[in-house]
Amino acid sequence: MMQRIIDAKDAPMLYKMFKELVLLSYGEKSLDGKYFRKSEEISTAFSQTEAYTQLMDQLATDAAFAADFANGVLPANLQKQALKAAEQDTVQPLIAEA
């Protein structure tokens, strides 16, 4: 799906997709290091920081960084499905919709 958005040069949709990916993957480690906490409140607070702005700027301007970031936050099983779909040039939902 991401490749089709890139091929279509749909910058607003690509930005929206990366924004969702960043905010869904962001969390904070507990002080004891045992937990990785995620919540809408934590994501919203992060989205209002300079670090978020710099990350989004880099994602929007550096294709290699954006690809590495996306590959880094996707679970291994979804990475494999994405690669397989890209090789077959098919569009398959990677996450079932509820």
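Quick one: in segment 1-15, of everything that is exposed (fewer than 15 other Cβ atoms within 10 Å of the Cβ) and within 19 Å of Leu78 (Cβ to Cβ), which residue is modelled with the lowest pLDDT?
Of everything passing the filter in segment 1-15, Met1 is modelled with the lowest pLDDT.
How many residues does segment 27-66 hold that are of a type in the set (S, T, N, Q), open to solvent by less than 100 Å² (accessible area, probe 1.4 Å) and assigned to a loop (DSSP other than H, G, I, E, B)?
Residues of segment 27-66 that are of a type in the set (S, T, N, Q), as a first pass: 30, 39, 43-44, 47-49, 53-54, 58, 61.
Keeping just the survivors that are open to solvent by less than 100 Å² (accessible area, probe 1.4 Å) gives 30, 39, 43-44, 47, 49, 53, 58.
Checking which are assigned to a loop (DSSP other than H, G, I, E, B) leaves us with 30, 39, 47, 49.
Here the count works out to 4.
The values are calculated or read from the model by the stated rules, or taken from the named source; none is laboratory data. The structure displayed is predicted, hence computed values, not measured ones. Every residue, glycine as well, gets a Cβ built from its backbone with ideal geometry; the counts of neighbours run over all protein chains shown. Each accessible area value is taken on the protein alone, full model and side chains, heavy atoms only, with ligands, DNA and RNA left out. Shrake-Rupley method; radii C 1.70, N 1.55, O 1.52, S 1.80 Å.
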